[in-house]
Amino acid sequence: MGKSKNIERKINDVLNMFYGTDLKSASAIEVYNAVSKAVLGEKYEDKRRSDEVYFKGKVTYYFSIEFLMGRALGNNLINLALNDEVKKVLNGVDLKLEDVEEVELDAAFGNGGLGRLAACFLDSAATQNMPVMGYGIKYEEGLFKQEFKNGFQVEEGDNWNSVGEPWQIKVEKDQVEVKFSDLTVNAVPYDMYIMGYGTRNVNVLRLWESKALKKFDFNMFNEGCFDESMKGKVKGEHISRVLYPNDSREEGRILRIRQEYFFVSASLKDIIKRYIKYHGNDLKEFSKYVAIQLNDTHPVVAIPELIRILVDERNMDMDTSIAIAKETFAYTNHTIMAEALEKWECYLYGKLLPRIYQIIEVLNNKLVMELREKEVPEADINIMRIIQNGIIHMASLALYGGHAVNGVAKLHTKILKEDTLRPWYGAYPEKFQNKTNGISPRRWLKLCNEELAELITSQLHSESWLRDLSLLSELKPALIEEDFIKSFLTIKDKKKQQLAKYIYENEGVTINPKSMFIIQVKRIHEYKRQLLNALLVLDIYFKLKENPQIDATPMTFIFGGKAAPGYFRAKGIIKFINDIANLINNDEDVKGKLSLVFVKNYNVSYGERLFPAADLSVQISTAGKEASGTGNMKFMLNGTPTVGTFDGANIEIVEEAGEENNFIFGARVEELRSIAASYNPQNYYYNVEGLKRVIDTLIDGTFNDENTGMYREIYNSLLYGCDWQRPDVYFVLKDFEDYRRVINESKSVYQDKFKWGTMCVSNLIASSKFSSDRTVIEYCRDIWGVEPAQV
Ligand SMILES: *Cc1c(COP(=O)(O)O)cnc(C)c1O
């Protein structure tokens with residue numbers, strides 16, 4: 001009782017002071033802000049004490065241009081065990097906690113997997129009392145908001161802070177200057193507290209906002225040049241305006257380079273200030289106390305920036321500085337897709353960051369000398385150079401300037417070693433590691449599926465599994481308990497009903513909650529093969545039309561995901577799926593048996609509704625292309641079998657849960673490698689039953705792409721290719737028949753509800769490997785050399 005009275009008083013204090021109101025008359029937005037601030041206010045002391053224990057020892061700084069945090073309130077209440085108290089307080093004034101949580105907008109400072117991974121790592125590090133701090137950018141606009149008009153994706157701004165940003169604490173005294181050759185800006189830090197689950201430790205995510213040094217030109221304003229007077233201010237502040245500005249034009253590329261250098265330079269200055277405070281002026285022991293993880297190539301300019309600071313500002317010699325950098329940095333590779341390995345023009349770097357460019361040249365020369373000493377063949381040296389033909393290769397810079405590189409699933413790391421980074425593995429085998437990705441069980445089970453979490457807790461008589469997911473293995477005896485499986489199935493039904501209601505309210509589409517929910521949610525990309533799934537749905541539809549009697553199991557296919565604004569083909573795929581949905585959902589003949597919905601604006605909070613409600617998790621990327629995937633893990637943790645290819649972490653999912661509890665299909669990497677040169681999709685087009693019919697809908701007038709040419713372009717890419725690409729590079733046609741086979745198989749297994757439930761629970765029990773707690777502990781042990789430090 002004391003605890004809830006205390007929190008009630010604090011909520012009222014905030015409402016009195018900042019909103020001129022109180023709990024009885026405040027709006028939902030005001031209550032959301034006040035509850036958040038009240039909770040945050042409780043944690044300052046723990047944060048201060050965490051700093052104290054952390055900064056005395058070695059700390060890891062996680063540099064990432066993306067943090068896909070989602071909402072904070074619900075997760076923080078769970079981690080602090082304040083859920084029940086706050087519920088009680090709100091119920092006292094006839095408010096529901098869920099309604100207050102719904103007010104919060106997702107902090108969507110990220111695209112997808114890579115940014116969400118960073119967010120899960122922070123949650124896990126805090127929960128495991130690990131000294132890990134995040135550094136990134138406080139974007140004004142998050143990832144765009146997705147709408148559909150006539151089935152086409154349209155992008156709208158995402159003004160995520162329009163309901164306030166109570167979780168962000170501006171720490172004005174820690175601002176630093178960041179200098180470009182033509183521009184100096186202030187970097188102003190905003191801290192987000194990351195509260196561990198079941199611990200008092202609080203970790204910090206520090207996000208930088210770019211502020212112009214001069215507010216505006218007073219004299220110019222007085223002269224009547226109002227717009228001109230703001231110019232300096234506006235230019236400096238563009239840096240933290242948006243996530244991934246379009247870089248097809250040079251202005252955009254300059255802005256990207258500025259963003260990357262901006263947050264990295266500010267963060268290093270912050271780290272060095274802190275180092276000096278705790279360990280004195282001599283930076284020789286820097287790497288004894290500092291580990292920096294580079295999440296993909298975006299923050300790699302940190303390597304020459306640290307060297308610059310050590311050499312130019314701390315009077316250290318070049319070789320010592322390079323050695324320190326190598327001991328400090330490590331790099332995570334997230335993809336083998338060539339377009340994602342960043343490259344920048346030397347002349348742009350030379351213009352904006354001349355000193356940094358000089359240091360990159362030094363590193364390039366040293367690399368080449370070292371490789372010649374190792375007697376690496378010249379041909380290999382040429383593809384390993386940091387500078388090639390006037391272009392800086394950021395991955396090479398990371399590989400040379402750090403002591404470790406890791407892939408994010410076993411297969412991915414193997415491909416890096418054998419293929420993508422083969423010469424690097426030959427020259428520096430000791431740098432290579434694997435760290436299979438993971439997800440936070442707090443957000444991806446306890447928060448999004450309270451019912452299932454309660455069932456597990458009551459079976460295990462404790463909540464400690466939420467801090468140690470390996471305890472799930474103790475559920476094994478429950479696999480043969482009829483009651484447990486039945487309770488699981490009851491919960492699944494409930495989550496499906498909740499999702500159906502939400503989809504009706506948000507998308508205006510009615511789906512049958514008793515149908516089988518087959519869900520594919522992720523960014524739209526050709527390699528992820530939403531198109532394969534869409535073509536199968538069409539095939540099922542045509543067969544149902546021909547023979548309405550055949551089908552006993554009603555199915556609902558659910559898609560979600562955003563396409564990059566400039567990715568024409570991905571946008572065509574969205575339009576195609578929306579058109580198919582329109583056809584199917586308006587056809588009385590298939591009503592209740594088959595439906596299709598593309599939910600709009602898939603993000604973390606939508607995911608929290610989708611993963612628990614899935615019957616089947618669709619993970620069908622072309623083998624070898626999905627580095628890991630983490631969506632696959634979220635489904636598994638919520639007890640959902642996977643229909644998937646032998647790719648990324650799917651392989652490890654099946655290793656843990658058994659092939660018999662999942663539906664694996666499709667060509668494997670080795671097969672694709674050996675047939676790639678001779679592959680002709682037309683053989684499949686003409687010979688696989690039903691395939692031509694569904695592909696032809698792209699061009700036979702079944703659907704209308706409003707003269708955008710989208711459909712013809714997709715059709716051509718499948719059958720003919722174009723001057724820069726072979727036909728069907730992602731093997732959609734090749735895998736179609738096998739995909740149809742496993743979907744049919746899953747459908748017949750699904751009819752035996754109990755058997756299905758057993759499969760689901762087998763996946764749940766086997767999911768413990770995919771806790772991001774496990775992943776973070778491995779990074780701490782094998783790469784960072786940091787140890788837990790508890791308040
Ligand atoms: C987990 C997650 C992803 C990553 O999904 P994949 O299927 O692994 O590509 C992307 N977006 C959001 C919002 C997520 O929560």
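Quote the convex hull volume per residue of region 374-482, based on C-alpha atoms, as a whole number of Å³. The partial results should precede the final answer.
Values: hull volume 17.7 nm³, N = 109.
About 162 Å³ per residue, rounded to a whole number.
Counting Lys and Arg as +1 and Asp and Glu as -1, each charge on the Cβ, what is the dipole of the chain about the Cα centre in debye, to the nearest 20?
The calculated dipole for the chain is roughly 940 debye.
Please give the FRET efficiency for Q682 paired with D468, using the beta carbon to beta carbon distance and R0 = 45 Å, rounded to the nearest 0.05.
0.25
Please order W208, W784 by the number of other Cβ within 10 Å, starting at the fewest. Display every interim value, and only then the final one.
Values: W208 29, W784 24.
Fewest to most other Cβ atoms nearby, the residues stand as W784, W208.
Given axes a ≥ b ≥ c from the Cα gyration tensor, I'd like to know whether region 722-791 is rounded (a/c under 1.5), prolate (a/b larger than b/c) or oblate.
Here region 722-791 falls in the oblate category.
Reported to two decimal places, what Rg/Rh ratio describes region 397-553 when computed on Cα atoms with Rh from the Kirkwood expression?
Checking Rg against Rh, the ratio lands at 1.09.
Please report, in cubic angstrom per residue, the volume enclosed by the convex hull of the alpha-carbon atoms of the chain.
Each residue corresponds to 177 Å³ of Cα convex hull volume.
Once the principal axes of the Cα atoms of region 384-431 are found, what is the range along each, listed largest first in whole angstroms?
34, 19, 18
Cα centroids of region 55-102 and region 167-223: how far apart, whole angstrom?
Distance between centres, Cα-based: 23 Å.
Once R0 is set to 56 Å, what does the formula 1/(1 + (r/R0)^6) return for the Cβ-Cβ distance between E172 and F152, expressed as a FRET efficiency to the nearest 0.05?
The formula returns an efficiency of 0.80 here.
Kirkwood Rh, Cα Rg: Rg to Rh for region 140-186?
Answer for region 140-186: 1.20.
Can you tell me the Rg and the Dmax, both Å, for the Cα atoms in region 198-316?
18.5, 60
Counting other beta carbons within 10 Å of each Cβ, put F646, F18 in order, fewest first.
Neighbour counts put them in this order, fewest first: F18, F646.
Quick one: which of 257-263, 187-193 comes out on top by average Cβ neighbours within 10 Å, and what's the full order, highest first?
The packing order, highest mean first, is 257-263, 187-193.
Longer than 27 Å from Cα to Cα, which of K446/K476; K431/K625; K410/K496; K269/K417; K47/K288 are they? Say none if no pair is.
Pairs exceeding 27 Å: K410/K496; K269/K417.
Rg(Cα) of region 265-367 divided by 2.2 N^0.38 Å?
That ratio works out to 1.11.
Taking the simple approach of a point 7 Å from Cα along Cα-to-Cβ for both Y502 and E418, what is their distance in nm?
Result for the modelled spin labels: 4.0 nm.
According to the Cα gyration tensor, what semi-axes, each the square root of 5 times an eigenvalue, does the equivalent ellipsoid of region 120-260 have, listed from largest to smallest in whole Å?
After diagonalising the Cα gyration tensor, the semi-axes are 31, 23, 15 Å.
Please give the length that would be gained between E787 and E689 if that part of the chain were fully extended, namely 0.36 nm times their separation in residues minus their C-alpha to C-alpha distance (nm, one decimal).
Computed gain between E787 and E689 is 29.5 nm.
Semi-axes, largest first, in whole Å: what does sqrt of 5 times each Cα gyration tensor eigenvalue give for region 707-753?
Details: eigenvalues 216, 34, 7 Å².
Those come to 33, 13, 6 Å.
Starting from a Cα-only point model with no solvent, please compute log10 I(q)/I(0) by Debye for region 1-50 at q = 0.14, 0.20, 0.23, 0.30 1/Å.
-0.35, -0.65, -0.79, -1.08
Could you tell me the calculated FRET efficiency between T184 and E370, based on Cβ-Cβ distance and R0 = 51 angstrom, to the nearest 0.05?
0.90
Calculate I(q)/I(0) for region 656-791 by the Debye formula, one identical point scatterer on each C-alpha and no solvent, and give its log10 at q = 0.09, 0.17 Å⁻¹ to two decimals.
So the normalised log intensities work out to -0.52, -1.00.
Please give, to one decimal in nm, the separation of the simple spin-label points placed at E671 and R249, each 7 Å out from Cα toward the Cβ.
4.7
With the dipole of region 62-163 worked out from charges on the C-beta (+1 for Lys and Arg, -1 for Asp and Glu) around the Cα centre, which of F144, L80, T127 lies farthest toward the positive end?
Of the listed residues, the answer is T127.
For region 329-423, what are the per-bin percents of Cα-Cα distances with bins 10 Å wide, up to the bin holding the maximum?
Spelled out per bin, shortest first, that is 15, 46, 33, 6, 0.
Sum -39500 (n - 2.57) across every DSSP H segment of at least 4 residues in the chain, then divide by the residue count to get the 222 nm mean residue ellipticity, nearest 500. Before the final figure, lay out the partial values.
Numbers: 34 runs with 365 residues, N = 791.
Result for the chain, helices only: -14000 deg cm²/dmol.
Note down the magnitude of the dipole of region 165-292 about its Cα centre, charges +1 on Lys and Arg C-beta and -1 on Asp and Glu C-beta and zero elsewhere, to the nearest 20 debye.
480
May I have the pair-distance distribution P(r) for region 476-602, computed from all Cα-Cα distances with 10 Å bins from 0 and rounded to whole percent?
12, 38, 30, 15, 4, 0
Based on Cβ point charges of +1 for Lys and Arg and -1 for Asp and Glu, what charge dipole magnitude is obtained for region 705-791 about its Cα centre, in debye rounded to the nearest 20?
Numbers: 11 positive and 14 negative charges, 93 e Å.
Here region 705-791 has a charge dipole of around 440 debye.
Across 10 Å bins from the origin, how do the percents of Cα pairs in region 1-147 run, short distances first?
Answer for region 1-147: a P(r) of 10, 34, 33, 21, 2 percent.
Let me check the size of region 35-110 from its C-alpha atoms; what are the radius of gyration and Dmax in Å?
Expressed in Å, the Cα Rg and Dmax of region 35-110 come to 15.6, 48.
Can you sort Y685, Y139 by how many other beta carbons sit within 10 Å, fewest first?
Sorted ascending by nearby Cβ count, the order is Y685, Y139.
Rule-based calculations on the coordinates, nothing more; no lab input. Owing to the predicted nature of the structure, the values given are computational and were not obtained by experimental measurement. Positions of Cβ are backbone-derived with ideal geometry, glycine not excepted, and every protein chain shown enters the neighbour counts.
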